1. Take the alpha-carbon centre of segment 253-299, take the same for segment 69-87, and report the distance between them in whole Å.
2. With only alpha-carbon atoms in the gyration tensor, what are the semi-axes of the equivalent ellipsoid for segment 202-286, in Å, largest first?
3. By the scheme Lys and Arg +1, Asp and Glu -1, what is the net charge of all other residues having a beta-carbon under 10 Å from that of K317?
4. Give K278/K331; K51/K168; K86/K147 a once-over and call out the pairs whose C-alpha atoms are over 18 Å from each other.
5. Quick one: compute the contact order of segment 239-325, relative version, from alpha carbon pairs under 8 angstrom and 6+ residues apart, as a percent.
6. Ignoring ligands and nucleic acids, what accessible area does D251 show with a 1.4 Å probe (Å², nearest 10)?
7. Tell me the label-point distance for the pair N152, E175, using the 7 Å Cα-to-Cβ offset, in nm and rounded to one decimal.
8. For a bin width of 5 Å, list the pair-distance distribution of segment 144-293 built from all Cα-Cα distances, rounded to whole %.
Amino acid sequence: KTHMHNDGAQALRIIQNVNTPHLDLLVREAIQNSLDAGRFKNDVYVDFSIKEFYPEKLNNNFEHINHTLNSKYGNNKQKLIVISDKNTEGLTGGFDYSVDKLGNLLKLVYNIGKPQDQKGAGGSWGYGKTIYYRLGIGIVIYYSRIKTSDNNYEERLVASLVEDQNAKETIIKYENDNKTGIAWFGALNEEGHSIPVTDENIINEVLSSINIERYKNDETGTRIIIPYIDEYKLMAEANSYVLENEVALYDDIVEYLTFAIQKWYAPRLNNDQYIYGKQNNLIVSVNNEIITDDDFHELFLIIREMYKTSFTNNFKKLNELAPNSEFFIEKINVNLGADNKYLSNVNIG
C-alpha cells in the first residue's frame, strides 16, 4: 500500500535543480542527511563506495520483480553505490503512520511528497531525496542500525522502487489501472502497510548478497545502497557541465566524487573547529580512502580557512595559503527576530 502523496512519475520529475549533475546532488543530499543525524560535537563519518555485485544474488530478494530484473541484468556483473555514515543516530522513529510526528525513517523512505506540517516550514518532505532513485534504475535499499530507548540496538532494512509507471517498459508488471510506480520491499504490519525488516537473519542475507557489511558493536548509522548504476552515463553527465575545449576533466567516478565533496562541503570537511549547527567535524572517504588535506584543491583549503578565520581571527594559515592576497573580516548584521545577531564574514581582497 502506498503512503506517498504522488506517484512514481511525479516523484522523478520533482527535482527542481536541472543544472547540477546527479552526482553533485547526491553528495549534497547524502552528506546533509548525515550531518542532520549527527550527534552534537561528534565527528560524522561518511563514505561513498562503488562496488560490483552479482545481480541474481540480489534480485532473489525482490519478490514479484526478480524475474524481470534477472532477464534485464542477470548475465553480467553490475555496479552499485553505497553511502554509509557512522556516529549518526540512524533511521529512528516508530512505524506507526497514525502519529502526528513521524520518525526520520518514515519521512525518508515512505512519505515523499507529503506536505510539511511543521510550523513555518515550506514545501514537502523528501523531494531532495528523490535523487537516490534517479542514479540507478529506481531501486534503493535502506539499511540502518539505531539505539533504542531501552539502550538496545535494532537493525532495520527496507527497499523501495520508484519508477515512471507510464514508461513503455517498467520493472513492475502492472495488472490493472492502479499504477502508482512506487513499491516497497520489507515486512508488513497488521494493517498491511509496508514496514522495515528487523530480523537480523534476513538483513544479513540481503546485505551478504551484495557484500555490504552490517554495523557492529556500538555502531549506529545508515547505509543507502543504490544498485544498477551506470557509471559511464553518470560521468558523461558530470563532464557535460565542466567541459573545456571538449576535453573531459574527470576520468572516473571516484575522482569526481572526491572533487564534488570538497566543492560542496569545504567549510565542514576536516574542520574540528566548525562552530555552527551541531558543530560536527565532517570526515568523508571515497572507496574507504579518507579525503585528507593533501587531497584538497588549494581553492577549497582557502575557503575552509576563511570560515575558520571568521571566528578565530587568526590569519596565519590564510596568509600561508595565499601570501599575495589580503584578507579582512567584517560583521554582517542578520535580523533573526527580536535580537539582531552578527555573523562574521571573511572577504578576500
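1. 25
2. They are 29, 24, 8 Å, listed largest first.
3. +1
4. K278/K331; K51/K168
5. So the answer I get is 21 percent.
6. Using a 1.4 Å probe on the heavy atoms, I get roughly 130 Å².
7. The answer from the label model is 3.7 nm.
8. Whole-percent P(r) values from 0 Å outward: 2, 7, 11, 12, 14, 15, 16, 12, 7, 4, 1, 0, 0.
The values are calculated or read from the model by the stated rules, or taken from the named source; none is laboratory data. Owing to the predicted nature of the structure, the values given are computational and were not obtained by experimental measurement. Please note: Cβ atoms are built from the backbone with ideal geometry, for glycine as well, and neighbour counts cover all protein chains shown. To get the accessible areas, we keep the full protein, side chains included, count just its heavy atoms, and leave off ligands, DNA and RNA. Shrake-Rupley method; radii C 1.70, N 1.55, O 1.52, S 1.80 Å.
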